[in-house]
Amino acid sequence: MTETLIQGADTIVTMDDARRELHGADILIRGGEIVDVGQGLRTSGDVVSAKGCVVTPGLVNTHHHLYQSLTRAVPQGQNALLFGWLQTLYPIWSRFGPEEMRVSAMTGLAELALSGCTLTSDHLYLYPNGARLDDTIEAARAIGLRFHPTRGAMSIGQSDGGLPPDALVEREADILNDCIRVIDAFHDPREGSMCRVGIAPCSPFSVSRDLMRDAALLARDKGVMLHTHLAENDEDIAYSLEKFGCRPGQYAEDLGWTGDDVWHAHCVKLDGQEIDLFAKSGTGVAHCPCSNCRLGSGIAPVRAMRDAGVKVGLGVDGSASNDAGNLILEARQSMLLQRVANGADAMSAREALEIATRGGADVLGRPDCGRIAAGKRADIAIWDTGCIESAGSWDAAALLLAGPTRVRDLFVEGRRIVAGGHLASYDLPDLIAQQNRLARALAESL
Ligand SMILES: [Zn+2]
């Protein structure tokens, strides 16, 4: 089995159970696993010097719509609230097909990798013109990230009083059948898994109550996780009260959508009772601070959630509502936003990094990831602090306060997928050219 020794790191921020920070220390990787962490380790395999670097666990992204990286900064969607923003973008997304899904996902995944992410989920909830979840799984294999794609869905179109155009919704029986197909084809439940599939109706306002319930039953039958958008903004709460006669937390609980195999994106508007419900039931939250700022949704009560014991991870969310997909900057934004809401001592740089690493891994049911310790998966980010952003820093390990914002090297399952700041498996200028060609074609087709 191949061995790699990451040697002589200035600081290793382990995020292990004792939250140790080690200086002048090494990490020994064998195959896809970390086998030792400490000083003076030896190998007959490859040696990667980490002198002048801070080493952290790979970051974990718990919410994304990778297909949206083809619709960044669409002019008509730049200043709209959530529902108006969606209505602007639906007609563009309805022109997507398999190639748009694949290239857009590769772009989003490359951006994540360069910003330190080793494990990401994705929420793909529209399948126009023959697009399939398979297109994004192919993209993740090409870039090399550990991937938790979710089979999303919308079933209530405009003619049934829903928000999306009828062309973007599917029959509920077809949705459930395709969930079964992709779970059987791609879901790997084993420790060290590179691909785990989840089930993810888009939101309570785009599918029926029956589909929400059936999705939960299917997920439990198959042993996969559940994901959706919940309590994103005031419009969302008003819709829930009017249509369902209850708040989103109650709706989720009634339909089987709480538990340690469930995580909800946003949760900006959870009240105290809902926070308690999530803490007691082990339900996870994907906090998406940039998207929440961009769409003016509000500040999620992350401090209160963490204090109550809710599992919280980070999500960059789709690139139509961020519009960046840099995960280390997202972690910085989460720290800053809690300080805006609660004061300068409300969240430290290290706590935000913890949310971005082991926090996200726990939300995704991956205690084998998100920390640097013997027996854990070898998902590791190396940050060169010899860059201009951290010049003069008194505490380079407080990465989120200064920089850098891109990794030098990134290991996923022991494989180096970013080396010297470049993708190891793919030519980035070529990917950017493909992506820009597709974005231009979409703009011209309108
Ligand atoms: Zn989202």
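The values are calculated or read from the model by the stated rules, or taken from the named source; none is laboratory data. As the structure is a computational prediction, the values presented were derived from the model and not from experiment. Every residue, glycine as well, gets a Cβ built from its backbone with ideal geometry; the counts of neighbours run over all protein chains shown. With ligands, DNA and RNA removed, areas are computed over all heavy atoms of the protein, side chains included. Shrake-Rupley method; radii C 1.70, N 1.55, O 1.52, S 1.80 Å.
Does Asp323 count as open to solvent by 30 Å² or more (accessible area, probe 1.4 Å), over 19 Å from Ala200 (Cβ atoms) and within 15 Å of the ligand (Cβ to nearest atom)?
yes
Give segment 128-170 a look and list any residue that's more than 18 Å from Thr228 (Cα to Cα) and of a type in the set (Lys, Arg), or say none.
Hits for segment 128-170 are Arg132, Arg141, Arg146.
Of all residues in segment 181-202, which are under 15 Å from Glu170 (Cβ atoms) and either in contact (Cβ under 8 Å) with a residue 60 or more places away in the chain or under 20 Å from the mean Cα position of the chain (by Cα) (or both)?
Of everything in segment 181-202, those that are under 15 Å from Glu170 (Cβ atoms) and either in contact (Cβ under 8 Å) with a residue 60 or more places away in the chain or under 20 Å from the mean Cα position of the chain (by Cα) (or both) turn out to be Val182, Ile199, Ala200, Pro201, Cys202.
Among the residues of segment 327-353, write down those that are open to solvent by less than 30 Å² (accessible area, probe 1.4 Å), within 29 Å of Leu86 (Cα to Cα) and away from the ligand (no atom under 16 Å from the Cβ).
Ile328, Ala331, Met335, Leu337, Gln338
Do you know which of the residues in segment 51-81 that are at pLDDT below 95, open to solvent by 10 Å² or more (accessible area, probe 1.4 Å) and outside any loop (DSSP other than H, G, I, E, B) is nearest to the ligand (Cβ to nearest atom)?
Gln76
Return the only residue of Lys280, Lys376 being open to solvent by 10 Å² or more (accessible area, probe 1.4 Å), free of Cβ contacts under 8 Å to residues at least 24 places away in the same chain, more than 16 Å from the ligand (Cβ to nearest atom) and more than 13 Å from the chain's Cα centre (by Cα).
Lys280 is the lone residue from the list that is open to solvent by 10 Å² or more (accessible area, probe 1.4 Å), free of Cβ contacts under 8 Å to residues at least 24 places away in the same chain, more than 16 Å from the ligand (Cβ to nearest atom) and more than 13 Å from the chain's Cα centre (by Cα).
Looking at (1) within 16 Å of the ligand (Cβ to nearest atom); (2) in contact with a helix residue (DSSP H, G or I) (Cβ under 7 Å, 6 or more places away or on another chain); (3) open to solvent by 10 Å² or more (accessible area, probe 1.4 Å), can you tell me which one Ile299 breaks?
(1)
Looking only at residues in segment 24-45 that are assigned to a loop (DSSP other than H, G, I, E, B) and free of Cβ contacts under 8 Å to residues at least 40 places away in the same chain, which one is nearest to the ligand (Cβ to nearest atom)?
Across segment 24-45, the extreme among qualifying residues is Leu41.
Condition check: assigned to a strand (DSSP E or B), closer than 30 Å to Tyr125 by Cα and open to solvent by less than 30 Å² (accessible area, probe 1.4 Å). Does Val48 satisfy that?
So Val48 does not fit the description; no.
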